[in-house]
Amino acid sequence: MSENREKENANANAAWHLVDEADEKLIRLIQDGIEFEHSPFEKCAEELGVSEEEVVARLKDLIENKMVRRFGASIAHIALGFTANAMGVWDISRDRVEEVGRKMASFDEVSHCYERPPSADWPYNMYTMIHGRSQEECRAAAEKISEAVGAADYKLVFSERELKKKGVRI
Amino acid sequence: MTEMKNKPAEFKQAEVKPAEFKPAEFKPTEFKQAEVKSVELDNIDRQLINLIQLRFPVSKHPFEEIAAAIGTTEEVVISKLTRLKNEGIIRRIGPIINTRGIGGTNTLAAVKVPKSQIDEASWVINKYAEVSHNYLRNEDYNIWFTVSAPTQERLDRILSEIQTELSCPMLNLPTINQFKIQVNFHV
């Protein structure tokens with residue numbers, strides 16, 4: 001039921017305008033994951049009526065053109081023991097954002113680092129996703145980052161429940 | 001399908017009913033440390049996990065290449081990866097789509113929802129295929145989710161529908177600058 005609803009919603013979408021129809025079809029065929037087998041692109045090639053070499057070449061082009069960020073495994077970090085996930089939110093003065101953002105990004109513990117608009121109700125403009133094996137590990141990482149960038153005004157917002165995680169689909 | 005079983009006489013294919021929230025069908029993943037079963041990983045498992053995240057070979061026979069790279073056979077690689085998938089460590093091996101790269105747009109949004117309405121709110125948000133991640137967090141703004149859509153118009157519509165349906169305060173936090181996006185778990 002909810003899956004049908006999701007499909008309806010997805011079909012209601014306008015086209016992703018930078019990707020042509022053939023590539024869109026290719027992405028749709030492999031976006032839920034390839035089979036673990038000797039020739040994982042064979043079925044997709046058949047479906048598209050092209051060779052496997054062509055599928056591989058087009059996939060490489062999509063990566064080269066930054067339409068696909070990477071091709072590889074999505075890992076369930078929780079199953080690996082990375083059970084703590086903290087969103088660090090920081091209030092950084094606008095003129096320091098570039099410098100601070102670059103420094104924050106250099107930490108291995110930080111998987112995502114973004115600047116986002118602050119508001120009266122939520123006065124933070126920098127966001128760092130920090131993954132750790134415990135909340136203490138996340139706190140220690142945030143403290144290290146705070147010292148390194150010289151920013152004391154931050155807060156760690158921990159996740160309590162994963163309500164959905166599935167990666168972007170088109 | 002379940003509806004069909006319950007009331008066969010009333011079911012009409014053409015009838016389109018708005019989806020309703022059914023608490024019994026809603027099962028989010030809770031993750032408390034104690035509940036996470038630990039999976040034994042041997043040396044090959046570890047090498048595989050580290051390699052397939054950022055250096056997965058895009059080629060006709062990728063598992064053969066991986067086997068050569070770590071000095072084992074394709075059979076071993078495939079059976080190890082299949083086990084890791086069955087154990088829930090690997091979600092999928094596939095393309096990680098760059099929403100903005102294909103002409104779309106995305107945002108991070110948060111809503112402030114009363115505790116008693118969390119399951120329902122989560123259901124309202126998750127029914128959109130465009131919502132990729134959604135977390136309950138320990139804040140007044142307690143539900144945080146990401147939305148990716150082909151156009152700004154579609155994105156705005158999703159957010160406004162969610163806000164209308166939940167009638168609660170919402171933050172819309174689109175990316176201004178992206179400094180890093182690199183998820184890699186080294187084991």
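A few points about this structure:
- When residue B:167 is tested against (1) open to solvent by less than 30 Å² (accessible area, probe 1.4 Å); (2) free of Cβ contacts under 8 Å to residues at least 24 places away in the same chain, just one condition goes unmet, and that condition is (1).
- Looking only at residues in the range A:53-83 that are without any contact (Cβ under 8 Å) to a residue 24 or more places away in the chain and over 20 Å from residue A:31 (Cβ atoms), the one that is farthest from the chain's Cα centre (by Cα) is A:53.
- Annotation: of all residues in the range A:115-130 being assigned to a strand (DSSP E or B) and open to solvent by 30 Å² or more (accessible area, probe 1.4 Å), the one that is farthest from the other protein chains (Cβ to nearest Cβ) is A:129.
- Residues satisfying the stated conditions in the range A:40-76, i.e. assigned to a loop (DSSP other than H, G, I, E, B) and open to solvent by 20 Å² or more (accessible area, probe 1.4 Å): A:49, A:50, A:51, A:65, A:66, A:67
- All positions within the range B:47-74 that are assigned to a helix (DSSP H, G or I), under 15 Å from residue A:35 (Cβ atoms) and out of contact with any strand residue (DSSP E or B) (no Cβ under 9 Å at 6 or more places or on another chain): B:63, B:64, B:66, B:74
- Any hit, the range B:115-129, residues being at pLDDT below 95, open to solvent by less than 50 Å² (accessible area, probe 1.4 Å) and not assigned by TED's automatic domain parsing to the domain that holds residue B:46: yes
- Evaluation of residue B:107 against (1) at the interface with another protein chain (Cβ under 7 Å from one of its Cβ atoms); (2) closer than 26 Å to residue A:15 by Cα; (3) in a strand (DSSP E or B) (one fails), failing number: (1)
- Residue B:98, sole failed condition from (1) in contact with a Lys or Arg (Cβ under 6 Å, 6 or more places away or on another chain); (2) farther than 23 Å from residue B:58 by Cβ: (2)
- The range A:153-170, subset facing chain B (nearest Cβ under 7 Å), touching a residue at least 12 places away in the same chain (Cβ under 8 Å) and not polar (S, T, N, Q), residue nearest to residue B:140 (Cα to Cα): A:157
The values are calculated or read from the model by the stated rules, or taken from the named source; none is laboratory data. As the structure is a computational prediction, the values presented were derived from the model and not from experiment. So basically every Cβ, Gly included, is an ideal-geometry build from the backbone, and we count neighbours across all protein chains shown. For accessibility, only protein heavy atoms count, side chains too; no ligands or nucleic acids. Shrake-Rupley method; radii C 1.70, N 1.55, O 1.52, S 1.80 Å.
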